[in-house]
Amino acid sequence: MTIALIDGNNFYVSCERVFNPRLEGRPVVVLSNNDGCVVARSAEVKALGIKIGTPWFQLRDLARQHGIVAQSSNYALYADMSNRLMAVLGQFSPDQELYSIDECFLGLAGFGHRDLVNYGQAMRRRVRQWLGLPVCVGIAATKTLAKLANHCAKKNLAGADGVCDFGRIDAAELSRLFSAIAVGEIWGVGSRLSRQLAERGIASVEALRQADARILRREFSVVLERTLAELNGISCVTLDEAAPNRQQIISSRSFGSYVHALEPLQEAVASYIAIAAEKLRSRGLLAGMVQVTIRTNPHQADSPQYQRGLTIPLSQASDDTLRLTRAALWGLKRIYRPGFAYQKAGVALLNLSVAGTPQLDLFAQARDNTRLMQTMDRINGIWGRGTLRSAAEGVQQEWRMRRERISPGYTTCWAGLPVARAG
Amino acid sequence: MNRNHVPGGPPLPAERLFPGLPPPCISLPGCPLLACPVPAGFPSPAADFVEERLSLDEHLIEHRAATFFVRVAGDSMTGFGIHDGDLLVVDRASDPADRSVVIAVVDGAFTVKQLCRIPDGALLRSNAPGHGDILVGPDQELTVWGVVRWSIHAV
């Protein structure tokens, strides 16, 4: 197995820079539109030691001092650029799995005759030229290692020019490299687990790689045992089992048997949304975007292959199952092609923010009352969207204020197109 | 809804997708789907099925992922048929050739000009009376943002 993980550098900030070249080289943060916290930082901001999640009001002085530019989250822009990014990267392998708004895995099995470092560079060049976005590429034998290789490329720990291929690094060098990386950098090893591991003397990636699988299984979990295997080049993590990204909620499953038509796919996607939305609400979060993916069985090489994903921005962050379902089904319709045997569908809720505002609970009891929702939908269908809505959605004015630093819809709104001077 | 066709249920027969047609064959992602097999040498009447209304997107956009729309402000390019307020179709996937009309970044702002390569750098040319050119010297960095493919304006 050879797998590449491609990941956008400071993705939201980079999207803003594509259409506003003045932001190039300046410290830029993107704020959550909900509560004004930093959700993305340019390299210049990282260098100032500003952490993700810092409330913007705490940064006012620092911002003045260093000329930090703050932008509200422009979901529509990021979602469109994400869809373009995935389309461009999809040209490089028939086997693509979307992992988040700015990350995907590419299967490179059968590409062994190529110089994979060059191939990674070609990906970077194309994404840079076509979209203006910087990305890093990690290449390795398993997903966990590819994530780690990507980390090395990004932090310039190994590889060069934003591409790191572990296959090019000999064993001794690799073990030196892994000794210098904290165990917490491994995909799926969170801060609590890395503390527990450190207590057992497992502080580095290398220490975990050398650990005894049986002990890990007994004292931690099967998941960690699998991580260990992955670190040693034995591929065993599928995306379903993959560690949940804290910035997204995934719900996906392979079907018991192949599905061909749109209708059962719609049912599957709707039910995944219901599961994900429940999780979202239980964590007190709102989603700003919905991603839907479908694919055929990549291991069925003799049957026609198709895979596609689409990210749909919501006009407003939401935890409403119906709203999220509508977005997901709209996306599904766009990517569905008849004539394929689909093996899997999935949804991801992205751009999570804390549902911080006090919610008027008029409909709280009725949240699961489908008839109420249907009635609302019927009324809205006749009188226009938003005629009748849950008070939890907030009032227009408040929402507008919270996105006062938003950039135009450069690619999604006729009135927001970038302007070129002819003067 | 047919409860037989929940995920995990038996696959739907192809006839349900296209009643009366042979089972669908396959297209490459991104290409138009042929709803029926196309036998070599014999045109199938069912192939009419794929004919859709003409799409301007298809005509104007070569690289979907890399194409962006940009609005023009100013009159310096009227000689190229580019007017104030026009909508430009800009392709970032194609490399700018000598004399391409491009979107260039000048002083941090987008500018639409004709790119002329000269031995010592480049000349960003206007094409209208009273408008000058911009000389980009060998030690100055020139960022070409994209190549202008079409200019669209109302008549």
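Observations on the model:
- Applying the criterion of being within 7 Å of chain A (Cβ to nearest Cβ) and open to solvent by 10 Å² or more (accessible area, probe 1.4 Å) to the residues of the stretch B:74-83, the residue that is nearest to A:ALA415 (Cα to Cα) is B:GLY74.
- Output for the stretch A:129-173, where each listed residue is among the aliphatic types (A, V, I, L, M) and outside any helix (DSSP H, G or I): A:LEU133, A:VAL135, A:VAL137, A:ILE139, A:ALA140, A:ALA141, A:LEU157, A:ALA158, A:ALA160, A:VAL163, A:ILE169
- As for the stretch B:93-107, it holds at least one residue that is loosely packed, with under 15 Cβ neighbours inside 10 Å and over 24 Å from the mean Cα position of the chain (by Cα).
- Sole residue being at pLDDT 90 or above and either crowded, with 21+ Cβ neighbours inside 10 Å or under 23 Å from A:LYS155 (Cα atoms) (or both), chosen from A:ILE234, A:ILE273: A:ILE273
- Residues in the stretch A:119-133 that are in contact with a Gly (Cβ under 9 Å, 6 or more places away or on another chain) and open to solvent by 20 Å² or more (accessible area, probe 1.4 Å): A:GLN121, A:ARG124.
- Of all residues in the stretch A:290-310 being modelled with pLDDT of 90 or more and among the aliphatic types (A, V, I, L, M), the one that is most open to solvent (accessible area, probe 1.4 Å): A:LEU310
- Sole exception among (1) in contact (Cβ under 8 Å) with a residue 12 or more places away in the chain; (2) open to solvent by less than 70 Å² (accessible area, probe 1.4 Å) for A:GLU267, by number: (1)
- Filter pass, A:ALA180 being more than 24 Å from the chain's Cα centre (by Cα) and within 30 Å of A:GLU24 (Cβ to Cβ): no
- When A:ARG218, A:ARG214, A:ARG176, A:ARG192 are checked against the criterion of being closer than 28 Å to A:ARG283 by Cβ and not in a loop (DSSP other than H, G, I, E, B), A:ARG192 stands alone in meeting it.
- Boolean, A:LEU239 is more than 11 Å from chain B (Cβ to nearest Cβ) and either outside any strand (DSSP E or B) or at pLDDT 85 or above (or both): yes
- Some residue of the stretch A:103-118 being assigned to a helix (DSSP H, G or I), within 14 Å of another protein chain (Cβ to nearest Cβ) and surrounded by fewer than 20 Cβ atoms within 10 Å (Cβ to Cβ): no
- Helices (runs of 4 or more DSSP H) completely within the stretch A:1-84 that count 2 or more residues being within 25 Å of A:TRP414 (Cβ to Cβ) and more than 14 Å from chain B (Cβ to nearest Cβ): A:11-19
- Residue under evaluation A:PHE255, criteria (1) within 18 Å of the chain's Cα centre (by Cα); (2) part of a strand (DSSP E or B), criterion not met: (1)
- Hey, B:ARG71 away from chain A (no Cβ under 12 Å), in a strand (DSSP E or B) and open to solvent by 30 Å² or more (accessible area, probe 1.4 Å) or not: no
- Within the stretch B:118-139, considering residues that are farther than 16 Å from B:VAL101 by Cα and within 14 Å of another protein chain (Cβ to nearest Cβ), the one least open to solvent (accessible area, probe 1.4 Å): B:GLY130
- Condition met for A:LEU197 (under 22 Å from A:ASP95 (Cβ atoms), at pLDDT 90 or above and buried (at least 17 other Cβ atoms within 10 Å of the Cβ)): no
- Residue count for the stretch A:116-131, restricted to those that are more than 19 Å from the chain's Cα centre (by Cα) and touching a residue at least 24 places away in the same chain (Cβ under 8 Å): 8
The values are calculated or read from the model by the stated rules, or taken from the named source; none is laboratory data. For clarity, every value in this text was computed on a predicted model and none was experimentally measured. Quick reminder, even Gly has a Cβ in these numbers, built from the backbone with ideal geometry, and neighbours come from all protein chains shown. Protein only, heavy atoms only, side chains kept; ligands, DNA and RNA dropped before computing areas. Shrake-Rupley method; radii C 1.70, N 1.55, O 1.52, S 1.80 Å.
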